[in-house]
């Protein structure tokens, strides 16, 4: 598989025969499965927490109620002991037993010789220690063994008291609750698995278009794009990004093709021309002087070709965005002022004037050298085509928050609309300029630099409708 | 001057050696990085001219890094077919002093070699630069010739200063573009020529002898003799 | 709280214990589920001032009858309610 291409999740049905075990392993490693597992774990965890809280609130509450009742009862009896000794306690016990409508009270009072003084137990519950302890014990009622909550106390010198409650009913309730929760757990687990499966399928389905497209592209069909649904959700955004990436790759590849085309086709011409001149010089009856001149011309031609090649490379570099890594924050105003001054000398010689209209400061993030070269190219063109006495105006503005416009206007003949449209093409030279030096790459570079900085190049008439149209070239930059 | 040339391409090496020898310099040649490193480390040279892409495991950048790590401060001029700005920066960061892209005109190479190997003829801390009857006061930003004060713009001032600091040496157009304007591109038209011509109007015209000379196929030079 | 959850198995063990615990002490028995206690409650009720008024009287009657017919637990419960009702009257 080519590098850098997204491999679709292996959970997709491929229609190939894979070993059962292998298939299972891959299934378990799939992100869809892991998501589903996560969902199931969270769901079951939540259910368990819920059950715990429910248990605490119900069964736990029942227990707490029972204990509170026993404690109050015991405290009351201890009070009676303090007031009136064993006799008072016995009386109290009998009294309470007589009004125990629920039928759950348990009492037993033993004296120092373990003789029964009061209560409704026939003996001290086996295994129940005599000190102040809380336990659960068993007692017999009507032949059946039931559980009871028991509290044993020592009264005074070796009198023992047991206060307790029959918790059989409560136990039944608890059992009921536990059963209910167990069934609920089973249902929750089933639901978790079902939900997980549904979730996994949903994720799979949403991911399918992107994965299928990636597969197709990896197989070689670069024209494919990810279909976007109307939902505008994260998957759509992913698909959109993938499409943007593919568009960019397409553009880059077209650019590369374009450069190779230019190099192959358009450089052949100057190379052929240079060669022809040299060959010509060889052929005729020429003296040393003419030969020498021909060689010098040959060198000049080769230098020209080198420069054209260098310019092509620079344009390709700019278009590929490679130099964006070297961007730095800078103030555009001194850069523009310098370039204007640089070409100012040329303007002086040509009888033209350069006017500069710049704000105090314009901050931008970009490549100083490329920007200087781009603006320089525009000024160079303007000076080339503006007659003596004309003027060139350089200005810069930030018309909106994310934009900077650099404008170079001249008072030359301007470009026709058709020429304007084609001006960005490599090696395009408008008819009027065919006699002038230059390779026709200047505007290509300006456009490439504008694109690199997140903007574009615009060409229009400086004074439309006027007898002298002039050209207005605007480099629009995005502000970082 | 003693120059070490480390270049694996035989034709280019021959061409460069011949040219430098004709210009009066002593040229040693190594065909690969290892030999070059050995020579550079063991003998004193005034300047090293290195190709970046060298066979044998030690390329130009590594060579310079090793030399600099050893404390060798000999000036280094890189020759390279790699023109991208990242490559230039890499070469200079490794310790190189200048970077020339192939193909190059020999005059360019010669001019840069001489400028690098012989540090500016006028020392940096100087506040006045002078040649013949031309005087430049760097503090007052004034230029006078034969006692007469000459009006000069800031950029022209820097241009003249650069020429004066390299008086007697050839300064190519590319060098001026890089050092005076800090531009690393090729302006398709001869803007530099226009600037020099304007400077000449101011400081040479009307005086007894011209100081700024054009060196054919190379660049410019400021010097007192004709 | 966790102990609560373990109560079920503990209960099971405890209930089953007598099966395994051969020779262990017999379990304490609740003595207030017997006809004897029924009569004891009736005797306690009789002297009370509200014993003859409704609902105490009919509750006591029902209680005693249940006790005689072999449902001592329900009988005891009725009699206890009778005692409670009688007490409330005064």
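The values are calculated or read from the model by the stated rules, or taken from the named source; none is laboratory data. On a predicted model such as this, the values are computed, not experimentally measured, just so you know. When we count neighbours, we look across all protein chains shown, and the Cβ atoms used for this are built from the backbone with ideal geometry, even at glycine.
For region B:4-29, give me each residue that is within 20 Å of residue B:103 (Cα to Cα) and assigned to a strand (DSSP E or B).
B:4, B:5, B:6, B:29
For region B:66-81, how many residues meet the condition of being in contact (Cβ under 8 Å) with a residue 24 or more places away in the chain and surrounded by fewer than 16 Cβ atoms within 10 Å (Cβ to Cβ)?
So the count comes out to 3.
Residues that are modelled with pLDDT under 90 and more than 51 Å from the chain's Cα centre (by Cα): which helices (runs of 4 or more DSSP H) entirely in region A:15-106 hold 1 or more of them?
A:61-98
When you check residue B:191 against the structure, is it facing chain A (nearest Cβ under 9 Å) and either crowded, with 17+ Cβ neighbours inside 10 Å or at pLDDT 90 or above (or both), yes or no?
Here the answer is yes, as residue B:191 does meet what is asked.
Among the residues of region B:56-74, is there at least one that is in contact with a strand residue (DSSP E or B) (Cβ under 6 Å, 6 or more places away or on another chain) and over 30 Å from residue B:183 (Cβ atoms)?
No, the conditions are met nowhere in region B:56-74.
Restricting to region A:125-144, name every residue that is farther than 20 Å from residue C:35 by Cα, facing another protein chain (nearest Cβ under 7 Å) and surrounded by 15 or more Cβ atoms within 10 Å (Cβ to Cβ).
A:125, A:138
Residues in region A:225-275 that are closer than 30 Å to residue A:444 by Cα and at pLDDT 85 or above: how many?
14
Answer yes if at least one residue in region A:321-330 is over 30 Å from residue A:261 (Cβ atoms), more than 13 Å from chain B (Cβ to nearest Cβ), exposed (fewer than 15 other Cβ atoms within 10 Å of the Cβ) and in contact with a helix residue (DSSP H, G or I) (Cβ under 9 Å, 6 or more places away or on another chain), and no otherwise.
No, there is no match, as no residue in region A:321-330 is over 30 Å from residue A:261 (Cβ atoms), more than 13 Å from chain B (Cβ to nearest Cβ), exposed (fewer than 15 other Cβ atoms within 10 Å of the Cβ) and in contact with a helix residue (DSSP H, G or I) (Cβ under 9 Å, 6 or more places away or on another chain).
Quick grid of which residues meet (1) closer than 17 Å to residue A:136 by Cβ; (2) within 10 Å of another protein chain (Cβ to nearest Cβ); (3) at pLDDT 80 or above; (4) outside any helix (DSSP H, G or I):
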position	(1), (2), (3), (4)
C:4	yes, yes, no, no
C:33	no, yes, yes, yes
C:36	no, no, yes, no
C:44	no, yes, yes, no
C:61	no, no, yes, no
C:66	no, no, yes, no
C:70	no, no, yes, yes
C:78	no, yes, yes, no
C:84	no, yes, yes, no
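Looking at A:364, A:333, which one is assigned to a helix (DSSP H, G or I), touching a strand residue (DSSP E or B) at 6+ places or on another chain (Cβ under 9 Å) and more than 10 Å from chain B (Cβ to nearest Cβ)?
Going through A:364, A:333 in turn, just one is assigned to a helix (DSSP H, G or I), touching a strand residue (DSSP E or B) at 6+ places or on another chain (Cβ under 9 Å) and more than 10 Å from chain B (Cβ to nearest Cβ): A:333.
Those residues that are farther than 17 Å from residue B:191 by Cβ and in contact (Cβ under 8 Å) with a residue 12 or more places away in the chain, I need them from region B:148-165; list them, please.
Within region B:148-165, B:150, B:151, B:152, B:157, B:161, B:164, B:165 qualify.
Report whether or not residue A:164 is facing another protein chain (nearest Cβ under 9 Å), within 18 Å of residue C:33 (Cβ to Cβ) and either out of contact with any strand residue (DSSP E or B) (no Cβ under 6 Å at 6 or more places or on another chain) or surrounded by 14 or more Cβ atoms within 10 Å (Cβ to Cβ) (or both).
No: the conditions fail for residue A:164.
Check B:159, B:110 and return the single one that is assigned by TED's automatic domain parsing to the domain that holds residue B:79, modelled with pLDDT of 90 or more and buried (at least 19 other Cβ atoms within 10 Å of the Cβ).
Of the residues listed, the single one that is assigned by TED's automatic domain parsing to the domain that holds residue B:79, modelled with pLDDT of 90 or more and buried (at least 19 other Cβ atoms within 10 Å of the Cβ) is B:110.
Inspect region A:291-302 for any residue being surrounded by 14 or more Cβ atoms within 10 Å (Cβ to Cβ), in a helix (DSSP H, G or I), within 11 Å of another protein chain (Cβ to nearest Cβ) and more than 49 Å from the chain's Cα centre (by Cα) and give the result as yes or no.
Yes, region A:291-302 contains a residue that is surrounded by 14 or more Cβ atoms within 10 Å (Cβ to Cβ), in a helix (DSSP H, G or I), within 11 Å of another protein chain (Cβ to nearest Cβ) and more than 49 Å from the chain's Cα centre (by Cα).
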